Every structure is written in structure tokens, then in C-alpha cells.
1. Tally the residues that are open to solvent by 80 Å² or more (accessible area, probe 1.4 Å) and either outside any helix (DSSP H, G or I) or under 23 Å from TRP94 (Cβ atoms) (or both), restricting the search to segment 238-275.
2. So ALA146 passes all but one of these: (1) open to solvent by less than 30 Å² (accessible area, probe 1.4 Å); (2) under 30 Å from LYS271 (Cβ atoms); (3) within 19 Å of the chain's Cα centre (by Cα). Which condition number does it fail?
3. In segment 23-60, what count of residues is obtained for those that are open to solvent by 60 Å² or more (accessible area, probe 1.4 Å), touching a residue at least 40 places away in the same chain (Cβ under 8 Å) and within 25 Å of ALA162 (Cα to Cα)?
4. When you go through (1) at pLDDT 90 or above; (2) more than 30 Å from GLU117 (Cβ to Cβ); (3) open to solvent by less than 20 Å² (accessible area, probe 1.4 Å); (4) out of contact with any Asp or Glu (no Cβ under 7 Å at 6 or more places or on another chain) one by one for ALA282, which number turns out not to apply?
5. Sort through TYR167, TYR245, TYR205, TYR213 and tell me the only one that's within 17 Å of VAL103 (Cβ to Cβ) and either among the charged types (D, E, K, R) or out of contact with any strand residue (DSSP E or B) (no Cβ under 9 Å at 6 or more places or on another chain) (or both).
6. With (1) assigned to a helix (DSSP H, G or I); (2) open to solvent by 10 Å² or more (accessible area, probe 1.4 Å) as the list, and VAL161 as the residue in question, which single condition is left unmet?
7. Quick one: PRO86 ticks every box in (1) assigned to a helix (DSSP H, G or I); (2) under 30 Å from LEU253 (Cα atoms) except a single one, so which number is it?
8. Could you please let me know if SER177 is out of contact with any His (no Cβ under 7 Å at 6 or more places or on another chain) and open to solvent by 60 Å² or more (accessible area, probe 1.4 Å)?
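The values are calculated or read from the model by the stated rules, or taken from the named source; none is laboratory data. All values reported here derive from a predicted model rather than from experimental measurement. Using ideal geometry, Cβ is built from the backbone for each residue, glycine included, and neighbour counts are taken over all protein chains shown. For the accessible areas, the whole protein counts, side chains as well, though only heavy atoms, and no ligand, DNA or RNA atoms are used. Shrake-Rupley method; radii C 1.70, N 1.55, O 1.52, S 1.80 Å.
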Amino acid sequence: MTPESLMKKRVNTAFLALCLTLAVQTVAAIPSQFFAILNQYGLGPDPYYTDFILIQFLYPVLNCVMVLIVLRCIRFPLRAVVTVRPLKGDFIPWLGVFLGVSVGMNYLVNLMLLLFEWAGFPVPDVFSSYDPQTLPQAVWYFIILAILPAISEEILCRAGVAGVLKYFHPWTAVLVSAFGFGLMHATLQQIPFAFALGVVLGFVYVKTGNLLYPILFHFVNNGWVCVVTFLSVWAGEDVAAVVGYCGDGAFVLFGMVSLIYLIVKKQFTLKEIPHSLDASAAGRAVVKS
């Protein structure tokens with residue numbers, strides 16, 4: 001098997017894994033249907049936990065299991081992609097760039113949604129109806145939206161996709177994993193946002209070879225969203241807006257300083273990783289697959 005045909009096989013396998021996330025989501029929703037029937041007779045627990053928490057908990061767990069199965073099927077060693085090492089001095093500036101990109105993309109997406117609304121095509125916020133109202137709900141909300149996605153989605157997209165493809169060409173690994181990361185979020189407001197963040201996450205992962213970087217970046221981003229949500233519920237929309245805007249401003253400033261620092265240090269190049277394809281051959285393999 002030639003390197004290009006092997007590359008095509010790996011890309012096909014990666015996107016098969018991403019497509020299977022839809023099936024996994026369906027499987028994760030099955031228990032909630034059972035509890036929905038019980039709720040009709042007043043026997044089930046709070047629907048908040050069965051219609052939202054349970055699904056969002058099972059989905060990432062099953063995704064991690066699926067990644068392990070796929071890597072096993074293609075006989076790819078887990079230790080080659082799931083590498084967690086101590087953080088280095090470049091963690092802070094890369095985190096700054098990530099947060100700056102996150103804030104910038106968030107405002108661009110909000111502008112896009114505003115244009116859709118002006119055009120008569122409002123896009124609903126699928127999570128707004130599940131804002132936590134009690135402390136237990138808030139704890140579970142934080143777990144399923146900040147902790148679990150940071151681990152499971154990085155294992156799926158960075159380890160399972162970028163980690164496999166980086167051995168053929170690093171930029172192919174970054175872009176393909178970002179594309180899949182965007183698609184798996186499956187909503188109009190999240191796809192472009194997730195793609196842009198996926199490029200940064202994939203770049204840092206391929207550059208450092210340390211899965212802990214994207215996991216922590218992902219956690220910080222989602223955790224901040226949870227904090228603003230909690231403030232909007234218990235402190236009021238005005239307080240949440242002030243804290244959110246102040247945070248955004250700090251993140252943008254942090255990102256600009258970090259960007260300048262990394263440019264001066266010439267860190268925006270991927271280190272040479274032994275692979276079998278050049279950029280054009282890797283690109284052709286992706287397109288053909």
C-alpha cells in the first residue's frame with residue numbers, strides 16, 4: 001500500500017469515526033426516551049436530568065469508547081496519540097492566542113446570527129432552555145459542558161484524527177481535524193466557531209504533541225461560558241453582560257500580547273514530524289478520500 005493510499009484510508013477512517021458520533025448521539029438518547037415514558041405517569045426523575053444531563057453525559061463517554069475501538073481496528077497504538085506530559089512555558093501564550101481567537105469568532109458568529117435574524121431567519125439557541133436553576137443542576141451543567149467535552153472531543157478530534165494524520169502531514173492533520181470538529185457541533189452558530197478553534201487546538205496539539213494543551217484550552221473556554229451562564233441565572237443578565245464584556249476585553253488583550261510574543265519567538269511553524277507525504281500529495285489524498 002502506497003503512502004497516499006494509506007493516507008486516504010486513514011482519512012476515511014477518521015471521518016467514519018466522526019460520522020459515527022451521530023449514531024452514538026442517537027444511542028445516548030435512548031435512555032431518556034425510557035424516562036420520558038415514566039414521566040408521563042409521574043414516576044421518572046426531573047426531566048432536566050433525563051432530557052439533558054443524561055444525554056450530554058453518555059454522548060462524550062460513548063465517543064471515547066468509539067475512538068478506542070476505531071484505533072484498535074486500524075491497529076494504531078493509543079500511546080502514539082494520547083500523550084499527556086507536564087506543561088511548559090509556552091502554555092500561557094498559546095492559551096492567550098486561543099482565548100483571543102475564541103472571543104473574536106464569538107463576535108463574528110453573533111454578527112452572522114444578527115444578520116440572519118434581520119433577514120427573517122432567526123437561529124434558536126439550543127441550550128438556553130436548559131440553563132440551570134438549582135445548585136445540583138449547575139454542578140452537572142458544568143460537568144457536562146466544561147469537563148466532559150474538553151476530554152472527549154479532544155480525544156476524538158485531536159488524538160483520533162489529528163494524532164493519526166500528523167504522521168502523513170502536520171497541516172493536513174490540523175485542517176482535517178478542525179473541519180470534523182466543526183461539523184460534529186452540528187448547529188449553524190457553532191460550526192464556524194468550532195472550526196476556527198479547532199485549527200488552533202489542532203495546531204498546538206501537533207506542535208507540542210501534548211494532548212493536555214487542547215484539553216485545558218477547551219476546558220477554560222467552556223468553563224468561562226458556564227460561569228457567565230450561572231451569573232445570568234442568579235445575578236441577572238446585566239451583571240452577566242458586564243462580566244462577560246470585561247472578560248472578553250481581557251481575553252482579547254491577552255491574545256494580542258500572546259500573539260506578538262509567539263511571532264517574535266517564531267513559534268507559528270510546525271516542527272518537522274516524520275511523515276511519508278509532502279503537502280500536495282497529502283492534499284490530493286484528502287480530496288480523493
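1. Here is the first cut: in segment 238-275, the ones open to solvent by 80 Å² or more (accessible area, probe 1.4 Å) are 238, 242, 245-246, 253, 256-257, 260-261, 263-266, 268-269, 271-272, 274.
Checking which are either outside any helix (DSSP H, G or I) or under 23 Å from TRP94 (Cβ atoms) (or both) leaves us with 246, 253, 256-257, 260-261, 263-266, 268-269, 271-272, 274.
So the answer is 15.
2. Of the numbered conditions (1) open to solvent by less than 30 Å² (accessible area, probe 1.4 Å); (2) under 30 Å from LYS271 (Cβ atoms); (3) within 19 Å of the chain's Cα centre (by Cα), the odd one out for ALA146 is (2).
3. Result for segment 23-60: 1.
4. ALA282 satisfies all of (1) at pLDDT 90 or above; (2) more than 30 Å from GLU117 (Cβ to Cβ); (3) open to solvent by less than 20 Å² (accessible area, probe 1.4 Å); (4) out of contact with any Asp or Glu (no Cβ under 7 Å at 6 or more places or on another chain) except (1).
5. Numbers: TYR167 fails: within 17 Å of VAL103 (Cβ to Cβ); TYR205 fails: within 17 Å of VAL103 (Cβ to Cβ); TYR213 fails: within 17 Å of VAL103 (Cβ to Cβ).
So the residue among TYR167, TYR245, TYR205, TYR213 that is within 17 Å of VAL103 (Cβ to Cβ) and either among the charged types (D, E, K, R) or out of contact with any strand residue (DSSP E or B) (no Cβ under 9 Å at 6 or more places or on another chain) (or both) is TYR245.
6. With (1) assigned to a helix (DSSP H, G or I); (2) open to solvent by 10 Å² or more (accessible area, probe 1.4 Å) applied to VAL161, the lone miss is (2).
7. The one condition PRO86 does not meet is (1).
8. no
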